[in-house]
Amino acid sequence: MFDLGPNAGFIWISYGAAVLLIGGLIVWAWAGEREQQQRLAGLERRGLRRRSSQQEL
Amino acid sequence: MNAFLALIGRDLRLALRQGSAVGTALGFYLVAVAIIPLGLGPDLNLLSRIAPGILWISFLLSAVLSVDALFQEDRDDGSLDALVLGPLPAELIAASKSIAHWVTTCVPLIVVTPLAGLLLNIQAEALPKLLAALLAGTVGVSFVAGAGAALTLGLRKGALLLPLLILPLFTPFLIFGVGAMATSAGAFEQSILLLFALSLFSVAAMPFAAALALRLGLE
Amino acid sequence: MSGLSEPQTVRAPAEDTMFGPALRGWLAFMVLAIGWSVSRYYVGVANLEANGNPGWDTWLWWVPEIMVVVGILGLFILVVSLEASNHSRIANLANPTPFMRMSGEILPRLALVTALLIAAGLAMSFRAPPDDLQGQAARIMFIHVPAAWLSMACYTLTAISSAGYLIWRHPLADVSAKAAVPIGATFTLLALLTGSLWGKPMWGAYWVWDARLTSVLILFFLYLGLIALRQAIDDPGRAGRAAAILSLLGAVNIPIIKFSVNWWNTLHQPASVIRAGGPTIHPALLIPLLVMAFAFTLLFVALHMKAMRAEILRRRCEAMIAIHVRGGGEAANV
């Protein structure tokens, strides 16, 4: 199954590049959301309000 | 219509009196053409074979680098804001700028192209084809470049950004422009027709994109 | 100002009193049906006269069907946008809260399905028999083709979102366009990398000026331009609209660029190029390819959703800071 013949190097590099790039995208997207969520929570802790919540006050 | 013509006339007169922008574009074109043999070696056969490509690429680069100044000066002295707020539709303002760019930059570049071609030992029968292709295609080049210039107007790195945005869009012009010099039967007619089509399309479509960008720049 | 705080001044009143929904639906159906039958007739007759056979094997045969699909899609977009503009009088749809709630529910499930599908696709692509012509190197195609497909699909999504933003000024469309570009650029880069890694054993060179590789390269430059333009403008609303104009400019030009590159390639046809994947692919290779393409598409949807969520949250933060700085005066409706 893993005997990929004379061009194995190219195939492995291709799959490796795919894992690296797509892994990078996944980390970027997930970390980006987490970072903004933490930022939002920090702002709310400091008492900043969104307009929608202002109307409730 | 009168206002449109007056606007073109104004840009032409400005370019004529200052002359510096046109001179710079011409100088850039000739330097770009002249520096390439220094990198490739003086083999005249090689140079005459690749001359159309070199001339087209240098032409496109000088067109991109010169289009920036067209909007920039009017923006700096505030006359662009006045124009866009005035009665003339922004589409027509953009079109008049592109026409002025074609007349003041592309036409002089086409005029010196035979000279630049001499430097590259271009074949005598290729030269008229090249000039025809330039005449057919560069109108579209001016309109595409005008839309790009309107988009990057007043940005910090605008001068650097513009080639990055616009050069990929020039691919068809370059391909058909150089394709007109191909020796295969019918290649010239086909390329010239496609270049005309590209130019017509750009003249019809690009002013709308440019006008959107101009109005955006006012906000 | 945040891009999510557009004033809702430019919104045409919805004309729902003009026709009843049934009449409108019937009219749309008749237009599509008449358009389809007329073009079907002409395409069929033209093919018969030209070749003596109906000619299904060419893509031209499918033009009427493509027209119908595009028409239905267009109608769908129209209906959705009308719904949105009607709805906005009651609740502001520019408010992305429903999107956040929905995507929050969908994403974990989607991620699970995507992970399973990718695992299945990878297993299948390594178990597939080697290709007769390309040998083991054909396995690179299982990544290359989905990445190339997504590089185009992602640009299409960017362009549609940009049109939505320019026409209806819907902030969520801008968020979608902004989130799609880096993902599309990465998939394009992946397609280029795997394409050249496939090219070395097949063509003997990492880079061949093949028509497809060349147009993907130009697509990559368009993505880079979009990223650079957005970075060059500080104001997010202006940046969004400038990027939208540029991506529409690119979308209009992509077919022309593709056509010109194909033309250029046939003009300078290199002698020893093995054509990649002809019209017939053996099912043993086709099925893993389809599974991978589907898995990559789901992956893209999940990534895009996640990136959109991050962007919405980022804009919320910006808006909150803006309200705070202005002392709670004119507020952003985020």
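The values are calculated or read from the model by the stated rules, or taken from the named source; none is laboratory data. Since this is a predicted model, take the numbers as computed values, not measurements. A quick note on method: Cβ atoms are made from the backbone with ideal geometry, for glycine too, and the neighbour counts reach across all protein chains shown.
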Any hit, the stretch B:173-189, residues being surrounded by fewer than 19 Cβ atoms within 10 Å (Cβ to Cβ), more than 7 Å from chain C (Cβ to nearest Cβ) and β-branched (Val, Ile, Thr)
yes
The conditions are (1) within 14 Å of chain A (Cβ to nearest Cβ); (2) at pLDDT 85 or above; (3) more than 27 Å from C:Ala179 (Cα to Cα), and C:Ala295 fails exactly one of them. Which is it?
(3)
Quick one: would you say B:Pro52 is closer than 29 Å to B:Ala180 by Cβ and assigned to a helix (DSSP H, G or I)?
yes
Consider C:Gly195 carefully, then state whether it is on the phi < 0 side of the Ramachandran plot, surrounded by fewer than 23 Cβ atoms within 10 Å (Cβ to Cβ) and small (Gly, Ala, Ser).
no
Among the residues of the stretch C:197-222, which ones are more than 10 Å from every other protein chain (Cβ to nearest Cβ) and small (Gly, Ala, Ser)?
C:Gly204, C:Ala205, C:Ala211
The condition of being more than 10 Å from every other protein chain (Cβ to nearest Cβ), touching a residue at least 40 places away in the same chain (Cβ under 8 Å), closer than 21 Å to C:Ala293 by Cβ and among the polar types (S, T, N, Q) holds, among C:Thr158, C:Thr194, only for C:Thr158
List the number of the failed condition for C:Arg326; all other conditions in (1) of a type in the set (D, E, K, R); (2) modelled with pLDDT of 80 or more; (3) surrounded by fewer than 22 Cβ atoms within 10 Å (Cβ to Cβ) hold.
(2)
